[in-house]
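Here the structure is laid out as structure tokens; the discussion comes afterwards.
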Amino acid sequence: MKNNYFEKIMNYMRNVYHIERGISKLTDGRVNPTYETATVITIVLLGFLLRIKSFNELNYLIKSNEFIKLFPRGTKLPQIDTIRDTLKVIGTEELKQIIEYIVKKAIENKVFKNGTIDGYNVAAMDGTKFFGSNKKSCFECLINDNHSFHSGVVLSTIGDGPKLVIGFEMYKPALDPASKNEGEQNAAKRLLSSAFKGGGMSTIKVII
């Protein structure tokens, strides 16, 4: 990767936000996994940083050894099937703890001291589909016309400065064939309750 750009980003995240320490605590439901959860999630994080549009594109970068220098020597990187299997059973509460720590650290570092819009710290909340499949599913998948998918509500700052994710909440699937998948409003209420329970984000105005 040119100019060691991503090495610098990773070092910044490690040294300032201790992202590596948080990722090392992640667990998932795989039994005797060949690849550590932290390695898998770091690959996914790199994909987000690069704005990778598909798992196929991410798989190509893995096979091309684009990420190999970002890991300790001798680290064997997972292929895309392993990444999919891990994401299906990852513990989301641990991910939320990482986000909470990053938000608190950003506040301590006065990242938003001048606000994001007209002196206010403003965040927007919206529902989004994370991923789906016509072939694979899990017990937490939402189902629509034989299409299995995961959706959730995400709360993120908008305006000037970095776009910081404050929290997320997954939609809950239907309990039985006669009921419906959970809607955006219920997930949004849970997200607001959890994101502001500590009071640390009380200065942020939310647009729904």
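A few remarks follow.
- Candidate set: region 22-57, residues that are of a type in the set (Ser, Thr, Tyr) and surrounded by 16 or more Cβ atoms within 10 Å (Cβ to Cβ); chosen: the one nearest to Asp81 (Cα to Cα): Tyr35
- Being surrounded by fewer than 17 Cβ atoms within 10 Å (Cβ to Cβ), hydroxyl-bearing (Ser, Thr, Tyr), outside the structural domain of Phe55 (by TED's automatic domain parsing) and more than 24 Å from Thr42 (Cα to Cα) is a description that does not apply to Tyr101.
- Wholly within region 4-59, helices (runs of 4 or more DSSP H) carrying at least 3 residues that are of a type in the set (S, T, N, Q): 37-49
- Conditions (1) at pLDDT below 85; (2) closer than 26 Å to Gly29 by Cα; (3) part of a helix (DSSP H, G or I): number failed by Glu94: (1)
- Residue satisfying all of: in region 142-179; of a type in the set (Val, Ile, Thr) and surrounded by fewer than 16 Cβ atoms within 10 Å (Cβ to Cβ); farthest from the chain's Cα centre (by Cα) among these: Ile143
- Residue check, Ile19 out of contact with any strand residue (DSSP E or B) (no Cβ under 9 Å at 6 or more places or on another chain), of a type in the set (A, V, I, L, M) and surrounded by 14 or more Cβ atoms within 10 Å (Cβ to Cβ): yes
- Boolean, Ile80 is more than 17 Å from Leu164 (Cα to Cα) and either touching a His at 6+ places or on another chain (Cβ under 9 Å) or crowded, with 16+ Cβ neighbours inside 10 Å (or both): yes
The values are calculated or read from the model by the stated rules, or taken from the named source; none is laboratory data. None of these values were measured; they are calculated from a predicted model. With ideal geometry, Cβ positions are generated from the backbone for all residues, glycine too; neighbour counts draw on all protein chains shown.
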